[in-house]
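Contents: one structure, followed by commentary.
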Amino acid sequence: MTVRTVKTLLWFLLGAGLLVILLRIIHGPGSVVALTDLLPWGLWKGGGVVALVPIGGAGFTLAAFVTIFHWKRYRPLYIGAVLLGLMCYSSVGAGLTFDIGIWWRIVFPIAYWQFHSTLFEISWCIMLYLGVLTVEFGHVVLERFEFHRAVKVLDKFVVLFVIAGICLSTLHQSSLGTLFLATPYRLHPLWHTDLLPFLFFITSIGLGCLTISWVALVVHRLYGAKEPMDPVSGLGRIACYVLGFYGVVRLGEIFVAGEAGLLVAGTWDTANFWLEILLSVGLPVGLLLKKNYRESPTPMLWISTVAILGVSLNRINVAGLATVSTMNTMYLPAWTEWVVTLGILSGAGLFFLFCVERFDVFPAINRDQIDASYTPQRVDRGDWKTIFFHNPHSEIRVYSAALVLAVGIALGFMPLDAVFGVQPEETPTQDPRIVEVSNSKVAGVPGRKFSVPLHENRDTVDGEAFFALMIDGNRDGDYVIFNHDLHIDNQGGRNDSCVSCHHMQNPYEEASECSSCHSDMYLEVDIFNHSYHMEKKGGNDGCIECHTDPLADKLRDNAKPCGDCHETMRPGGTLVEIAEGEQTSLAAAYMDAMHEMCVGCHESKKNELEVPNEDFDRCTNCHRDLPRLEDDAWKSRL
Amino acid sequence: MTQTNFSILTDVTKCIGCDECVEACQEVNKLPPERPWRWLNSITDLSSARWTTVVRLENDQGDRFMRRQCRHCLEPACVEACIVGALQKTPEGPIIYDRDICIGCRYCMIACPFEIPRYSWEDTVPYVQKCDFCYERVLKEGKKPACVEACPTEATIFGTREELLAEAHRRLAAEPGKYVQRIWGEREVGGTSVLYVSDVDLNLTELDEPLTDETPMPQRTFKILHHMPSVFVEMAVVMGGIYWVIERREKLAREGAEQAGTEAEGPPDGDGSGTDDGPNDSEQAKQS
């Protein structure tokens, strides 16, 4: 692949990523991510932020090797590693800025200090470390522009910056693991361990060696320079030891914690775990042990690619993917999440190549070398027409086309939420169905029961059948049997009643909710609970207490009036008047009581506003359960 | 420990699942209308429009209802996690949220052991959403929390934690056959301000495994975090020491080479002969 192809591809990804970021700014993070309340951190945070930090670990690893340990063999890769770190941490900053809910508050941790927060510590370390990396790389920039005195001053203090950088890196690389000690119940036990900070720290060293190797190999190939195999093979050897050690500690911890059974559990998480171990430890360590693999460029390129994928998978797992199964939730990253992560990385990649072409990042790639293989576009002095239309070799033209094309294509595939703002899911209810319902007395059950005759054995239904609507307004499987005809009658007949339910014009509704009139749905219970009274009176021995004449049939009509026992049932001064004859009967069914005894009177007394007991209309005073149709078999027959 | 710790005791045996608490909460906190958002499994989940919800527990002896809401832990994970201190534990116990400084990192959401905080994903400028114990209302207006006030059966009651613990123990002792002899929230993750008594086993979380761990959440991260300043210093000393030793050794070697003049046989150790492998160097550095 030529430099131009690579850059075109990067510009393309950058364009798509920028579009996603723009839409995220306009419509909020919810419009472009597939995250949920139970899985609030996903690919963007895991891949675009958490995983990039160990990749940027190359910066402090090589700084320690070269400056502190004086391992001069690695000096050719040192500046590249610093630049890689700078790019990774800048990407972390950019990714984090737009991942958090309120992006302009990314600077708030500077002002609002919370020393107990792991995130607070990490954010400060990363901010300071970005400064350190800038100073370290600034050295090269100053050299390039020949600020000799500044370079001299910097040389004196560079060790202090390097040491500060190493300390800051130690802190935030490990604290990134500490972050997830707070999720002991969410995170799958194969990943959750108190060693997380330590594991995160050592992988960042091992992976740092391999990421700078990967970058060096790719960039040297791209510009036709000879790969620096001597430092790369040395780094390969260190990475092999460190990642091998990591693998031993990781698996050892699982055995010590007695979680070895999970390793062969055959679940999705086990597969994920072994894939991660294979990519981050198994393959890299196994292959890096071979000297001839370490010393040849193509195997090293593949090995480091695999290791980067493996360790990134580890970070993504810890940050969210390995919590999916314990949380009983589902998460498939939206493509916009991939694009934004890749887009930000592409931007960083472009800047990296820009620096490689203009500064002495890798000693083997000098300006003569670059000119021989590829002439980067210098600042074009022509006017815009020349640049865009008359110069067939104009790189700006190709890159602009890639960027615009990416924006166009991405916009075409963009989910509607991202373009128009987040909309509620369309979860249409099944239309209310008209069913034949009977209101009947069922033997052995107190009260009257609404039943759908098709569902019941027709013989047991003795009540009067009528047509009603079955409504499941909140889609939870509980149905309300709605007698439309009765409501028409109660609301004033065919001509006048419609408006009272269908045209109240509340937002989002076609018909008013039942609860706008009924503070609860009506239920299949009597206000008089026969079973309860039986129990209180001592079962079958207690019949005589209410059905006072032992010789007469046990009927409502000859039972003792409620008022004889419940003397305080009707408070003094009540407006409810009960005729002498009604006193002897038992309580009316609740529906009948409300609709026939109360509603009429309340309506006629409406203007007097004298309600004896305002809580009496709370259905929940008596109703303790909702009806629920458990069996779906009847649905097919409707 | 504070003198007054606002608490709520929910008695699952008394809850009838009427949702009055939910409606009262939505009304008092002026929550937006409930919509079937993409990220909700069910519209009755906790969400930005529902700071408390009633969960139906399927049970052999008839269904039970348990209210979910922020438990206002005595040692809250979310407060510990918050990067800017937008979540604060008040002296009276409730954990309140300052939406003016929240940056939206959502660490509180993954740190909470009960999966309580929710996010208003639907908004361009989203905020964390959770029960605040009607803090202003309780403290300034001297009322009960809206949910408690709305409960028709006194299934959920308000008081100080000491009072309610005593009441819960009284209920457990009065009807030992009825209740499971356990107060949920008394000791989990160091204790919470929201307590439950029940006649069936409860799971306070959304996970399969009920939470029984009594370790306070903040200890899990802070036990590591509080070492960080010393790690910083130690690392600096070690790195500075190694640098100083190697630098001095190289300087001596250089001087030695200069003195030896033409007699020098070859480059001394650690002078960066390219074939030397790193780890050997460092071992020698430590020995010297």
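Just a few scattered comments:
- For the stretch A:3-43, filtering for residues that are touching a helix residue (DSSP H, G or I) at 6+ places or on another chain (Cβ under 8 Å) and within 26 Å of A:Ala216 (Cα to Cα) leaves 13.
- Taking (1) crowded, with 22+ Cβ neighbours inside 10 Å; (2) within 14 Å of another protein chain (Cβ to nearest Cβ); (3) modelled with pLDDT of 90 or more in turn, B:Gln88 satisfies each apart from (1).
- Selection over the stretch B:138-167 of residues that are of a type outside the set (A, V, I, L, M, F, W, C) and more than 25 Å from the chain's Cα centre (by Cα) gives a count of 11.
- Tally of residues being of a type in the set (A, V, I, L, M, F, W, C) and more than 7 Å from chain A (Cβ to nearest Cβ) across the stretch B:103-129: 5
- The residue pairs whose first member lies in the stretch A:354-379 and is within 23 Å of A:Trp11 (Cα to Cα), whose second member is assigned to a helix (DSSP H, G or I) and at pLDDT below 70, and whose beta carbons are closer than 7 Å, counting only pairs six or more residues apart or on different chains, do not exist in this structure.
- Residue in the stretch A:279-301 that is of a type in the set (A, V, I, L, M, F, W, C), free of Cβ contacts under 8 Å to residues at least 40 places away in the same chain and surrounded by fewer than 16 Cβ atoms within 10 Å (Cβ to Cβ) present: no
- Residue satisfying all of: in the stretch A:302-331; among the hydroxyl-bearing types (Ser, Thr, Tyr) and modelled with pLDDT of 90 or more; surrounded by the most Cβ atoms within 10 Å (Cβ to Cβ) among these: A:Ser304
Every residue, every condition in (1) surrounded by fewer than 22 Cβ atoms within 10 Å (Cβ to Cβ); (2) at pLDDT 90 or above; (3) touching a helix residue (DSSP H, G or I) at 6+ places or on another chain (Cβ under 6 Å); (4) hydrophobic (A, V, I, L, M, F, W, C), yes or no:
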site: B:Ile8; (1), (2), (3), (4): no, yes, no, yes
site: B:Ala24; (1), (2), (3), (4): yes, no, yes, yes
site: B:Glu27; (1), (2), (3), (4): yes, no, no, no
site: B:Ser42; (1), (2), (3), (4): yes, no, no, no
site: B:Gln61; (1), (2), (3), (4): yes, no, no, no
site: B:Glu75; (1), (2), (3), (4): yes, yes, yes, no
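- Whichever residue in the stretch B:132-174 is more than 14 Å from chain A (Cβ to nearest Cβ) and part of a loop (DSSP other than H, G, I, E, B) and, among such residues, is farthest from A:Val422 (Cα to Cα): B:Gly142
Quick grid of which residues meet (1) part of a helix (DSSP H, G or I); (2) surrounded by fewer than 22 Cβ atoms within 10 Å (Cβ to Cβ); (3) more than 14 Å from chain B (Cβ to nearest Cβ); (4) at pLDDT 90 or above:
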site	(1), (2), (3), (4)
A:Pro54	yes, no, yes, yes
A:Phe60	yes, no, no, yes
A:Ala64	yes, no, no, yes
A:Pro76	yes, yes, no, no
A:Gly80	yes, no, yes, yes
A:Tyr89	yes, no, yes, yes
A:Val92	yes, no, no, yes
A:Phe108	yes, yes, no, yes
A:Gln114	no, yes, no, no
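- For the stretch A:325-339, a residue qualifies if it is under 14 Å from B:Glu115 (Cβ atoms) and either among the small types (Gly, Ala, Ser) or under 10 Å from the mean Cα position of the chain (by Cα) (or both), and exactly one does: A:Thr329.
- So B:Arg137, is it farther than 30 Å from A:His192 by Cα, of a type in the set (Lys, Arg), in contact with a strand residue (DSSP E or B) (Cβ under 9 Å, 6 or more places away or on another chain) and surrounded by fewer than 24 Cβ atoms within 10 Å (Cβ to Cβ): no
- Under the condition of being within 9 Å of another protein chain (Cβ to nearest Cβ) and either of a type in the set (A, V, I, L, M) or surrounded by fewer than 18 Cβ atoms within 10 Å (Cβ to Cβ) (or both), the residues counted in the stretch B:10-22 number 1.
- Number of positions in the stretch B:167-211 that are among the polar types (S, T, N, Q) and over 27 Å from B:Ala77 (Cβ atoms): 1
- Set B:Glu75, B:Glu27, B:Glu115: member being out of contact with any strand residue (DSSP E or B) (no Cβ under 8 Å at 6 or more places or on another chain), outside any loop (DSSP other than H, G, I, E, B) and not aromatic (Phe, Trp, Tyr): B:Glu27
- Flag for B:Asp100 being crowded, with 17+ Cβ neighbours inside 10 Å, part of a loop (DSSP other than H, G, I, E, B), charged (D, E, K, R) and out of contact with any helix residue (DSSP H, G or I) (no Cβ under 8 Å at 6 or more places or on another chain): no
- Scanning the stretch A:16-42 for residues that are away from chain B (no Cβ under 11 Å) and either on the phi > 0 side of the Ramachandran plot or surrounded by 24 or more Cβ atoms within 10 Å (Cβ to Cβ) (or both) yields A:Ala16, A:Gly17, A:Leu19, A:Val20.
Here is a yes/no grid of residues against (1) closer than 20 Å to A:Val218 by Cβ; (2) hydroxyl-bearing (Ser, Thr, Tyr); (3) without any contact (Cβ under 8 Å) to a residue 12 or more places away in the chain; (4) touching a helix residue (DSSP H, G or I) at 6+ places or on another chain (Cβ under 9 Å):
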position	(1), (2), (3), (4)
A:Thr67	no, yes, no, yes
A:Pro76	yes, no, no, yes
A:Ile79	yes, no, no, yes
A:Asp99	no, no, no, yes
A:Trp104	no, no, yes, yes
A:His148	no, no, yes, yes
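- Any hit, the stretch A:517-531, residues being over 46 Å from the mean Cα position of the chain (by Cα), over 23 Å from B:Glu20 (Cα atoms), modelled with pLDDT of 65 or more and not in a loop (DSSP other than H, G, I, E, B): yes
- Unique residue being in contact (Cβ under 8 Å) with a residue 12 or more places away in the chain, among the aliphatic types (A, V, I, L, M) and on the phi < 0 side of the Ramachandran plot when the list is A:Val248, A:Val219: A:Val219
The values are calculated or read from the model by the stated rules, or taken from the named source; none is laboratory data. Not measured: the values here are computed from a predicted model. Using ideal geometry, Cβ is built from the backbone for each residue, glycine included, and neighbour counts are taken over all protein chains shown.
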